[in-house]
Structures are given as structure tokens and as C-alpha cells.
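The values are calculated or read from the model by the stated rules, or taken from the named source; none is laboratory data. All values derive from a computational prediction rather than experimental measurement. So basically every Cβ, Gly included, is an ideal-geometry build from the backbone, and we count neighbours across all protein chains shown. Quick note on the areas: whole protein, heavy atoms, side chains included, nothing else; ligands and nucleic acids left out. Shrake-Rupley method; radii C 1.70, N 1.55, O 1.52, S 1.80 Å.
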Amino acid sequence: MEYEWVTHPFGPLYDQNSRTLLLGSIPSPKSREIGFYYGHPQNRFWPVLAAVFGEPPPQTIAQKRALALRHGVALWDTLACCEIRGASDAAIRNPVANDIASFLKETQIQSIFCTGAVSFRWYEKLCRPKTGLAAVKLPSTSAANAAWSFERLVSAYAQIRTS
């Protein structure tokens, strides 16, 4: 599979009540296709987030937006653009970070979590020097991360409730 230059096609999800920022790496091909975060049907992000907050899993983009915002959760990605092969975060090269430092100045965000090791690595390298804020690394909810059961993911993500 060839490398493709990908530019993030949609902005962050947040409102005036957002206090917690969850950062992915860059939208997958399926997420880019539907125009929203964690769009692959096998990604466990939305069922995990729903379980953390004791709600049924959202089905539509509107329900997903509402779930996140109802609980003060903002969503964005560490990278604005990069070269990537398919959906493989491990194949990212030549990344350019989103301007998370400026975004934080416009919000009430108090804590940052990265939804996977790749997002965390790029946040630490490209963003933390500008934000000055540490991020917490969470496990990926991708189906490719089969080592983490649904229950373990919910337990790991539960810390966003108290952030």
C-alpha cells in the first residue's frame, strides 16, 4: 500500500463546558469518509466512552456528539496532516501537529488524554513543548489492539470521569 498525504478534514468537537480533551492521532480512512471521530464500526471508542459514563452506546453522529459534550469531553487529533498508509498509525511519517496550544487558550480544558501510544508519542514530541501540559496515555480502542478487552479499556478510560 502506498503512502498518502492526509490532511485532517474536520475540526475539534468541543463547547464551553468541555474540560477534558481526548486526542487521537489522525482520522482513519473510515472516519474521514463519514466526517467524524472514531468512525470505523469495529473501533471500540464509542462503546467504551458510553460505558465509562453509564450510558447506552450512541449510534448516530448526533448521539456521539451529544454523549461527549454532555460529559465535558472534547475530541481532536494530535496531527493536522501527515503521510500515512491506510489506517496504520505505525506508518505515519512527516507529521504536522494541530495547534493544540492555541486551542487550549480558547477553552476551559483542564486535562489531556491521548487515545493510543502513537497519539501520545506525537503529542509529547510536537505539542507538549508548546502547551506545557502533560498528557495521559490511554490504550487504543482500535480493534487491532486485541490485547485489551472491552472491560480493561473501560477500566483504563474511567479516569477521564474525574479529570
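If you model the stretch 1-141 as an ellipsoid using its alpha carbon gyration tensor, with each semi-axis the square root of five times an eigenvalue, the axes come out at 22, 19, 13 Å, biggest first. Using alpha-carbon positions, what is the distance between the centroids of the stretch 93-119 and the stretch 1-20, in Å? The distance from the Cα centre of the stretch 93-119 to that of the stretch 1-20 comes to 10 Å. Computed packing ranks the peptides 142-154, 47-59 as 47-59, 142-154, most packed first, by mean other Cβ atoms within 10 Å. Hey, quick one: spin label on SER88, modelled 7 Å out along Cα-Cβ, who in the stretch 129-147 has an amide N within reach, i.e. under 18 Å? So the set is 142-146.
Dipole of the stretch 1-123 (Lys/Arg Cβ +1, Asp/Glu Cβ -1, origin at the Cα centre): which of VAL6, THR60, ALA97 lies farthest to the positive side? Of the candidates, THR60 comes out farthest on the positive side. Which value in deg cm²/dmol, rounded to the nearest 500, describes the helix-derived mean residue ellipticity at 222 nm for the chain, given -39,500 (n - 2.57) per DSSP H run of n ≥ 4 and division by the residue count? Calculated mean residue ellipticity at 222 nm is -7500 deg cm²/dmol.
Under the criterion of Cα pairs below 8 Å and six or more residues apart, the relative contact order for the chain equals 31 percent.
With a 10 Å cut-off between alpha carbons and a GNM built on the chain, which of ARG44, ARG19, ARG85 moves the most? Result: ARG85 has the largest fluctuation of those listed.
Can you give me the % of accessible surface on the chain that is carbon or sulfur? Probe 1.4 Å, all protein chains present, nothing else counted. In the chain, the share of accessible area belonging to carbon and sulfur is 51 percent.
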